[in-house]
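The values are calculated or read from the model by the stated rules, or taken from the named source; none is laboratory data. Quantities reported herein were computed from a predicted structural model and do not represent experimental measurements. Cβ atoms come from the backbone with ideal geometry, glycine included; neighbour counts cover every protein chain shown. For accessibility, only protein heavy atoms count, side chains too; no ligands or nucleic acids. Shrake-Rupley method; radii C 1.70, N 1.55, O 1.52, S 1.80 Å.
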Amino acid sequence: MDNFADLMQRPLRIPSGENNCGMLTPVPRTPRCEAYRFDCFEVSLKLGTLLQRGQRLRVQALPFKMLVALLDKPGELLTKEELADRLWGQEIFTEIDQSLYVMAGKLRQVLGDDASQPRFIKTDSGKGYRFIASVTPVFAPVSERSAPLSLPAEQTELTVKRTSRHAAFRLLAVVIVVALGTGLAAYKYEHRALMNDQDRVVVAAFTNSTGNADLDGTFSSALQSQLQQSPYINLIPDNRFHALVKSPESASLQDELRACIKLDGQVLLKGRILALAQGYQVTLSAWRCASGRLLTTQKAAASSQATILPALDLAGEGMRRRLGEPEASLRRFNVPTVQAATPSLAALRAFNLGEEKRSTGDLIAAVASYRLAVDLDPQFAIAYGRLGTVYHNTAQFALSAQAFQRAFELRDTRTSDRERLYIITLYYRFATGQIKRTIEDYELWRTLYPRDVAPIHNLAAQYLSIGQPQRALDLARLAIQLEPTDDIHYVLLAEAHLRLGDFANVQKLCEDPAHGNMTLMRFHLACFEAGFGQNDEVAMNRQLQWAHGNPEESEALDDSAWAAMYFGRISDARVLFRKAKDSAVQNKSIELAAGIELDQALLEADVGLLPAARTVAREVLKLPFEGASEQANVARVLARSGDTALALTIAKKAAGMAPLNDLINSTMLAMVRAAVYMQKADPARAVEALEESREFELCSCMQLAPGYYRGLAYLQNNQPELALRQFQQIIDHRFLSPPFSVYLVLSQLELGHAYQLLGDSTSANYAFAKVEMAWKDADRNFPPLQKLRHYREQGIISREHYIASR
């Protein structure tokens, strides 16, 4: 029997000459090609589709056009220039080789072809491409006029043959439908999604099996970046994997699968690059962690080192597709590595080494690697972003801002969508200090990447910092749901509980064996706070003992100094501040040391130790760096200690250094101006200056000091009712600052004084009693203690005067 394709194309035989109605036989027209068939595939030119055994395959527009161009001239070489003209016309395009390579790779992936042993598309190195399989064109049937109702006798036999042929058609159609149904079921099974929405993915080592040591440690970060573009893949951070598998390149598959299970992962991905006779082969494989079953392997060939990264992109795209990512998402979030990161393998290798060092906590070595990466490729945006992050985490804030600034400048040239959001949010957060803009962009990031825990965690941190702990708590819990084995989310959970005043829940976390032994300093600082809030000196000392000898011990000593100052123990506080500063200098954290000195100076200025505060502030001005935040705090110390002219000069300088910073401009510098006005006995102007601080004055870093200043201004302006309300508000919001904030006990003192001025001696004595309890062991020369005694004496005099007047 004739095959189906031949039957469909064969015209009916009509006798030449006239038909039985005397009409002339139509003149045949040139048939039009409407499809191509090869192997088990069909390309429909009319519909613009690629079918495999009747099932439509997804292929992007440009690769489809390239396939049609090759099918138009099967067996013939199409040069790169001819293909470029077919695909882009007269448009100016400079990266033809790479773009054609990528599209050829996409076609091979769809067709199941292999560049090293091609069945369909062959690369003629340096020249172009050719289609080497047998191709059958399918032509549209020639349209003819309608035949008359009565047939001539000569065609009676033909009619009978047609009837038999139609029966054959019907039988053949049944066979085809059955075959297509079976093929469709097999295709759907073969191409089913290998993951569900809840599965979490661990990216293991990328093995270099080429024998070329220059390619060692080069491609892990590129693969991570490719997969991070996907909003559908929930990746476990690579530093978590490196914490469990110390030498990923030499680890066995079983070790990696065990680490995956421990990290609560479901799928393990591994990469490998092999050397071929000509070029390289990139392979990505996925395993089910629990069973160790191989799920899929995706391969892509590279003709040279220059095309390894595009080959990795192709394999990564194929893996994302097999893991269940929709085609629409692949089209939207699929920036090639050379555009999202760097085309330089040397820069990529340096960056990858920086990532490894950062994941193990060796931040100094990480800085060196990231700096090498940007030296090798000055357009490497994400490397600048990482550099900014590490500088910030090591308290080198000026260098951090510079790195984020450079990354931000490159954000539209060398980034994927996710990396662009990473850079933008960190730039607004740490370089310019635009809190509201930061939150807006984290919300956008969270919307685009709902499975990404990073924006959720960072949003929680932002809401916590601006005094919205309940929102922070909800987001911290969500982060733990997405990533239950990462300690950093539990730190945030503890901090949110602190700001809600839930010290008991923090203490539970601190005593839980699963979390109490974590090595993050912030967690132990939270436990120290909870111990202070519960008057548990044993718990506080336990955390100080843990911190002893730690490179970040200065932060614990600084908190301990604040606690000593809260209790009025000036001499103890000064010793602790000095130890904290020395520890920071020993660990080369000069900016952190300056911050500790300023903590001491601010506290001493606000408790009335003015000469000492002024001396410390002037010493900070001599340090070899200039940060806007430090300048603003120096100005505040000088304003409180009476040097108003210099304070205003430095405040102006700080504003010029950080013109967009929300906290510095609306709160810190507002406090400087208010302090200057109070020094000049103009409390009404002080109150006015502090109005702009209201939006951010509950930020935890401000320790409730702006409200305290406002209360002092009200008292100076003879408005005790407003002062009372302000100091009570501070006490009501006491949990939004650390429990050892000196401004809490100072506000309690002034609250008693406000009651006193309003004639409410009972409430005043109750407030003073609380202050006396806190300062029962205070140094005798502690100025607020002397003020308390003065207020008490005023109360006695006022009461005696009241009795005498009666």
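Annotations
- Of the candidates Lys579, Lys588, the single residue that is open to solvent by 40 Å² or more (accessible area, probe 1.4 Å) and at negative phi is Lys579.
- For the range 74-94, the condition of being β-branched (Val, Ile, Thr) and in a helix (DSSP H, G or I) holds for none of the residues.
- Of the candidates Ala767, Ala778, the single residue that is in a helix (DSSP H, G or I), more than 22 Å from Ala461 (Cα to Cα) and either in contact (Cβ under 8 Å) with a residue 12 or more places away in the chain or open to solvent by 20 Å² or more (accessible area, probe 1.4 Å) (or both) is Ala767.
- Of all residues in the range 611-628, none that is more than 20 Å from Ala401 (Cβ to Cβ) and in a loop (DSSP other than H, G, I, E, B) has its Cβ atom under 7 Å from the Cβ atom of a residue that is polar (S, T, N, Q) and open to solvent by less than 70 Å² (accessible area, probe 1.4 Å), 6 or more apart or on another chain.
- Any chance Arg437 is free of Cβ contacts under 8 Å to residues at least 12 places away in the same chain and either open to solvent by 30 Å² or more (accessible area, probe 1.4 Å) or within 16 Å of Gln229 (Cβ to Cβ) (or both): yes
- Apart from one condition, Val687 fits all of (1) out of contact with any Phe, Trp or Tyr (no Cβ under 9 Å at 6 or more places or on another chain); (2) of a type outside the set (D, E, K, R); (3) at pLDDT 95 or above; the exception is (1).
- Taking each residue of the range 48-63 that is open to solvent by less than 40 Å² (accessible area, probe 1.4 Å) and looking for partners that are basic (Lys, Arg) with beta-carbon atoms closer than 9 Å, six or more apart or interchain, yields Thr49/Arg56; Leu50/Arg56; Leu50/Arg58; Pro63/Lys106.
- Any hit, the range 25-32, residues being within 57 Å of the chain's Cα centre (by Cα) and at pLDDT 85 or above: no
- Selection status of Arg451, touching a strand residue (DSSP E or B) at 6+ places or on another chain (Cβ under 7 Å) and open to solvent by 10 Å² or more (accessible area, probe 1.4 Å): yes
- Residue among Pro484, Pro469 that alone is surrounded by fewer than 19 Cβ atoms within 10 Å (Cβ to Cβ) and on the phi < 0 side of the Ramachandran plot: Pro484
- First in the range 712-738 and assigned to a helix (DSSP H, G or I), second anywhere and open to solvent by 60 Å² or more (accessible area, probe 1.4 Å), Cβ under 6 Å, 6 or more apart: Pro720/Leu757; Pro720/Leu758
- Condition check for Asp412 on (1) acidic (Asp, Glu); (2) open to solvent by 60 Å² or more (accessible area, probe 1.4 Å); (3) under 24 Å from Asp486 (Cβ atoms): one failure, at (3).
- Of the helices (runs of 4 or more DSSP H) lying entirely inside the range 422-531, the ones with 1 or more residues being at pLDDT 95 or above are found at 435-448, 453-465, 469-482, 487-499, 503-511.
- Test: residue in the range 716-739 that is within 25 Å of Asp559 (Cβ to Cβ), crowded, with 19+ Cβ neighbours inside 10 Å and of a type in the set (Val, Ile, Thr): yes
- Matching helices (runs of 4 or more DSSP H) fully within the range 349-416 where at least 1 residues are in contact (Cβ under 8 Å) with a residue 40 or more places away in the chain: 381-393, 397-409
- Among the residues here, Ala556 qualifies as surrounded by 15 or more Cβ atoms within 10 Å (Cβ to Cβ), at pLDDT 95 or above and more than 23 Å from Val771 (Cβ to Cβ).
- Scanning the range 655-679 for residues that are part of a helix (DSSP H, G or I) and over 21 Å from Tyr708 (Cβ atoms) gives Ala655, Gly656, Met657.
- Some residue of the range 551-572 being in contact (Cβ under 8 Å) with a residue 60 or more places away in the chain, in a helix (DSSP H, G or I) and among the polar types (S, T, N, Q): yes
- Candidates Tyr743, Tyr755, filtered to the one that is in contact with a Leu (Cβ under 6 Å, 6 or more places away or on another chain) and either assigned to a helix (DSSP H, G or I) or more than 22 Å from Gln600 (Cα to Cα) (or both): Tyr743
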